[in-house]
Structures are given as structure tokens and as C-alpha cells.
1. Within region 184-207, work out how many residues are touching a Leu at 6+ places or on another chain (Cβ under 9 Å), assigned to a helix (DSSP H, G or I) and either surrounded by fewer than 21 Cβ atoms within 10 Å (Cβ to Cβ) or touching a residue at least 60 places away in the same chain (Cβ under 8 Å) (or both).
2. Identify, from the list ALA68, ALA82, the residue that is under 31 Å from the mean Cα position of the chain (by Cα), of a type in the set (A, V, I, L, M) and under 30 Å from ARG286 (Cβ atoms).
3. Which residue pairs have Cβ atoms under 7 Å apart, sit 6 or more places apart or on different chains, and have a first residue in region 212-234 that is among the acidic types (Asp, Glu) and a second that is part of a helix (DSSP H, G or I)?
4. Quick check on region 135-146. Is at least one of its residues without any contact (Cβ under 8 Å) to a residue 40 or more places away in the chain and either under 14 Å from the mean Cα position of the chain (by Cα) or part of a helix (DSSP H, G or I) (or both)?
5. Considering only region 245-256, I want to know if a residue exists there that is within 24 Å of the chain's Cα centre (by Cα) and small (Gly, Ala, Ser).
6. Would you mind finding the one in THR100, THR92 that is over 17 Å from LEU282 (Cβ atoms), in contact (Cβ under 8 Å) with a residue 24 or more places away in the chain and in contact with a strand residue (DSSP E or B) (Cβ under 8 Å, 6 or more places away or on another chain)?
7. What number of residues within region 35-72 satisfy the criterion of being in contact with a strand residue (DSSP E or B) (Cβ under 9 Å, 6 or more places away or on another chain) and of a type in the set (S, T, N, Q)?
8. Return the only residue of PRO242, PRO248 being out of contact with any strand residue (DSSP E or B) (no Cβ under 7 Å at 6 or more places or on another chain) and under 16 Å from HIS108 (Cβ atoms).
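Values quoted throughout were computed directly from the atomic coordinates according to the rules given, and no laboratory measurement underlies them. Predicted model, so just to flag it, every value in this text is computed and none were measured. Ideal geometry is used to build each Cβ from the backbone, glycine not excepted, and the neighbour counts take in all protein chains shown.
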Amino acid sequence: MNLRDLHYLVALAEHRHFGRAAEASFVSQPTLSTQIKKLEDELGVALVERTPRKVLLTETGREIARRARGVLSEIDEIKAIAQRTRDPESGTLRLGIFPTLGPYLLPHLVPLVRKHFPRLELLLVEEKTEQVIRMLREGSLDAGILALPLHEESLHTQFLFEEPFVLAVPENHPLGQKHKRLKLDDLEDESLLLLEDGHCMRDQALEVCQLAGAGERSGFRATSLETLRQMVAANVGITLLPTLAIKPPVSRTDNVRLLEFAGHPPSRRIALAWRKSSSMGLFLKRFSEVISDLPPGLLQPGITESKPTRQATR
């Protein structure tokens, strides 16, 4: 048994197709199939159920693939320890981020990372929070930028920043006629457009709705913030947007007015998370300090106009 064969088995478990697993492993399909068969012969058990249309791992195969991920993750940790010892700011960082933050934070974050860690290779993975946590747990990610709270004992979290929400309404909506900042009570009995299940921002928005006495607009759940934004522009309803999603380089959308909340606005708290056992802990602490050093005003809505404002289209 060698590490290469474990890589092949993990690839097969992920892709459930010999051709795609071979492509992901940069080998031919016959090579991968042969090595999997040799691994089965060596272990004396069947790892794969071969059917005409797809590949299924046996129960034993799934368990061995799960453990193989752990072994390969430990090997990566060993390599990372050596690399960080030679040069703490070089190497590769596999970073996960969730979809309602990634497109809006990364244009500001990536230049900071290049400035402070010019030799660092940053590999970005955008997935929903649950998937990022799973990949952290399995070792296929080094760190993740996630919303608090996280209920995962194996992860260390380092607070980064608090991001306020604003309310997006059509320009002719009654709430848009106010000449002052909103209070949560202003949302009472309103129905908000929300994201589909699995997005952490859906849970955050539902919490705001509960506090304000608002509800969810029935019959529609969006797959992205941009879909929500366009539904507001089409006069379908109103929604909450995070502050970074209304900042440049996001472009503008007609018929969308943004309203700021008074006092301490509803918000989400963002943190960098990594495994408590990670050898990269000290570096990731420094990395989190860089993320926290975002440009002044970036996390402040800064909506001062009392008349309708055109905002963000994609």
C-alpha cells in the first residue's frame, strides 16, 4: 500500500466515476482502475461496486476512504510543518469561504494578502458553511472564513469583524420614503425575501425577522444575494443585504434603495476558523490580523442620502 493508491481511492470516493477520478488524479483511467484493484487484492476485501453507469464504494470502501483522507491530511500537515519552518510566509493556504461573503470580501482581501504575504499561494474554495466545516474537519481545507457562532469543538475561531446589514427596497416602497434611519420596529409585519435553506445568512435574516416581528415572503427563496437584489429591483419585495455587498467594486442596480438602521444595526460576526490541531496555528493568527486590517469605512454602510440611491447590479 502506498500514498498514491490512497489518493486514487479518495478521488474515486469523491467522484464516483473512474474516468473523472482518473482525470482529477492526472492519470489514465486504466491506471487508476488497476491500482484500485491491486489495493483490493492487497487488503483482501472489495472496496468498489462496479455498475454500468456509476461506481459505488462498499461499506468497507467508504470507511477506508474516510480514514485515507485522514492519513493524507496528516501527510499534508507534515509537509506544511517543514515548509513553514523553512519559510513561514510561503507555501499554500487552502481557504474556504461562504457564498454570501466571498464575492464581496475577496476583492478587498486578496490585495491585502498579496501585500503582506507575497510568496503565499492562496487557494480559494467557495461553499456553503456546512460544507466548509466538513472540509476543515477532514483536512481538505486549512482555514475558513465563516459566520459566528460555530458549534464545532474541533475548530479554533478568531474574530475578524462585524458586518452590518442594510435593508434593500424598491424606490417607491413606503419604507423608502422615510427621511431617517430605520428602527427594527419599522419591519414589523413586513415580509422579506430570503435565501434558500443551507445559507447561513438565511438563518441570520430569520433571526432579524423574529426580533422585528417580520416574516418571510412565501413562495420564493433565492439561491444568491444577486437574485435577491434583482427581485427587489423588480418590485417583488424587500430584503436584507450585508454591507460588503453594497460596496465597490459591486456595480449599481436601478430601482433599489438602501436603508441604514439606527443605533446598533442587525449584523453578522465573521471569524477565521481552523483546526485546533493544525500546525499552521501561529501563521493563521497572523493571517487573521491581516484580514482584520480592512480599509477604513468598508464595514460602514455610509448611506447618507435621503433621496433614492441607485445600487448594485451584477
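1. Number of matching residues: 7.
2. Just one listed residue meets the conditions, ALA82.
3. GLU216/CYS209
4. Among the residues of region 135-146, at least one is without any contact (Cβ under 8 Å) to a residue 40 or more places away in the chain and either under 14 Å from the mean Cα position of the chain (by Cα) or part of a helix (DSSP H, G or I) (or both), which makes the answer yes.
5. Looking for residues that are within 24 Å of the chain's Cα centre (by Cα) and small (Gly, Ala, Ser), one finds at least one in region 245-256, hence yes.
6. THR100
7. So the answer is 1.
8. PRO248 is the lone residue from the list that is out of contact with any strand residue (DSSP E or B) (no Cβ under 7 Å at 6 or more places or on another chain) and under 16 Å from HIS108 (Cβ atoms).
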